[in-house]
Amino acid sequence: MEQATVKIGRDQHVWSFAAEREAVVTVEPGTVIEIETWDCFTGQVQSEEDTLEKLDLSRINSATGPIAVRGAEPGDTLSVTLLDIRPGSQGAAMCIPGWGQLIDRVHSPTTRIFHVANGVVTMNDRVSFPARPMFGVIGVSPASGDVSTFFADRHGGNMDDHVNGIGATIHLPVFQSGAQLAIGDMHASMGDGEISGTGVEVGGTGIIKVDVIKAKCGGWPITETPEAIYTHATSPDSIDDALKMACEEAARLLVDEWAFSMEDAFMFLSVAGDLGIAQYCHPSPGSVIARMRIPKLSSNPTPFRL
């Protein structure tokens, strides 16, 4: 693995993505960076007695950064490759009052502590499962305003998609000079939908590499893995809207970058793609997030034709 030449501690963090904010460091494209992140509770949850109503909710979802990448300008893409994600040894999950599809069936607030070791997450004496580390918050400064790290939009943010794990590259549209990348909200594991509102929330260390693709960008964040391309879209409250926009973004890439007709793109996505939900813990105040999986083929080997 490539060695990090820049290290950023978890004390360098933000609670929002702002159009006008100075970076804590400026790096060249191709730089490998080691970032330390808090868990989403900023260290407030250490036992099952630490339930939601006891927390300072202004200290939720910090993101380490921002990191400016030299040469990234509006209309470009900032590509962030997650070379490694190393969760800490203890995480937590919750049932949160008013959140999620099963909230009327459970006692809340409730906290459970999970232990993480040797690639395994242990929930209790009976339940253990493989770790699937990922980052929930990955984003850049938006075109305007100040967007909390709790929400997701075209700049990225609280995307909460488990495909944003080790080996994935997240392609973010750039809206401000330098892009101003920030990352946080690590999970040792998180399922599609994150239906209770939490994954296994954990602090830890990530090794990332940043690059810039000039004069190409998506309308939304795009995740690339060795096998597939994933388009994303978000909505404040309508999963139908998010699903439709994720499909539209996938079709746009196929048509604009790889010369599909719209009819062929529509049919190809129907017969070979996979439409899915990354985040849907509603009812909740957070975003809903959809994704469309496009298999990589010789006809469309990357998100962008370079």
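Taken together, the values in this text are just the output of simple stated rules run on the coordinates, not laboratory data. These numbers were taken from a predicted model, which means no experiment stands behind them. As a convention, Cβ positions derive from the backbone with ideal geometry for all residues, glycine included, and neighbour counts pool all protein chains shown.
Between rounded, prolate and oblate, where does segment 1-143 land on the alpha carbon gyration tensor, with a ≥ b ≥ c its root eigenvalues, rounded for a/c under 1.5, else prolate if a/b exceeds b/c?
Numbers: a/c = 2.38, a/b = 1.64, b/c = 1.44.
It comes out prolate by the Cα gyration axes.
What is the gain in length, in nm to one decimal, between Leu275 and Thr26 on full extension, counting 0.36 nm per residue of separation less the C-alpha to C-alpha distance? Before the final figure, lay out the partial values.
Working: separation 249, 0.36 × 249 = 89.64 nm, distance 3.67 nm.
Extra length available between Leu275 and Thr26 comes to 86.0 nm.
For Lys7, which aspartates and glutamates qualify as cross-link partners when the Cα separation must be under 12 Å and same-chain residues fewer than eight apart are set aside?
Partners found: Glu34, Glu36.
Above 13 angstrom, tally the Cα pairs of segment 28-94 and express them as a % of all pairs, no decimals. Each step should come with its number before you reach the end.
Values: 1608 of 2211 pairs.
Counting every Cα pair in segment 28-94, those more than 13 Å apart make up 73 percent.
Per the Kirkwood treatment, what hydrodynamic radius in Å, one decimal, follows for segment 209-306 from the mean inverse distance over all distinct Cα pairs? Don't jump to the answer; show the numbers that get you there.
On the way: mean 1/r = 0.0720 Å⁻¹.
So the Kirkwood estimate lands at 13.9 Å.
Using R₀ = 25 Å, calculate the FRET efficiency as 1/(1 + (r/R₀)^6) where r is the Cβ-Cβ separation of Ile239 and Arg105; round to 0.05. Provide the component values of the computation, followed by the final result.
Values: r = 20 Å, r/R0 = 0.82.
It comes to 0.75.
Please provide three numbers in whole Å: the alpha-carbon extents of segment 187-229 along the principal axes, with the largest listed first.
39, 24, 20
Going by alpha carbons, how many degrees (0 to 90, nearest 10) lie between the helix axis of 239-258 and the longest principal axis of the chain?
Here the helix axis deviates by roughly 30 degrees.
Choose one of Trp15, Leu254, Ser144: the residue whose Cα lies farthest towards the positive end of the charge dipole of the chain (beta-carbon charges +1 Lys, Arg; -1 Asp, Glu; about the Cα centre).
Most positive-ward Cα: Leu254.
Can you pull the one-decimal nm distance between simple spin-label points at Ser148 and Ala215, each 7 Å off the Cα toward Cβ?
About 4.1 nm separates the two model spin labels.
Which angle from 0 to 90°, rounded to the nearest 10, does the C-alpha axis of helix 262-272 make with the longest principal axis of the chain?
40 degrees
Estimate the FRET efficiency between Ser299 and Leu57 by the formula 1/(1 + (r/R0)^6), using the beta-carbon distance for r and 51 Å for R0, to the nearest 0.05.
Values: r = 47 Å, r/R0 = 0.93.
Plugging the Cβ-Cβ distance into 1/(1 + (r/R0)^6) gives 0.60.
Please work out how much length the chain gains when fully extended from Asp50 to Val127, using 0.36 nm per residue of separation minus the C-alpha to C-alpha distance, in nm with one decimal.
25.6 nm
Under a point-charge model restricted to the Cβ atoms of Lys and Arg (+1) and Asp and Glu (-1), what is the dipole moment magnitude of segment 6-216 relative to its Cα centre, in debye to the nearest 20? Could the numbers behind the result be given before it?
On the way: 15 positive and 26 negative charges, 82 e Å.
With Lys and Arg at +1 and Asp and Glu at -1, about 400 debye.
Kindly give Rg over Rh for segment 64-109, based on alpha-carbon atoms, with the Kirkwood expression for the hydrodynamic radius. All intermediate terms of the calculation are to be shown ahead of the outcome.
Details: Rg = 19.2 Å, Rh = 15.5 Å.
Ratio of gyration radius to Kirkwood radius for segment 64-109: 1.24.
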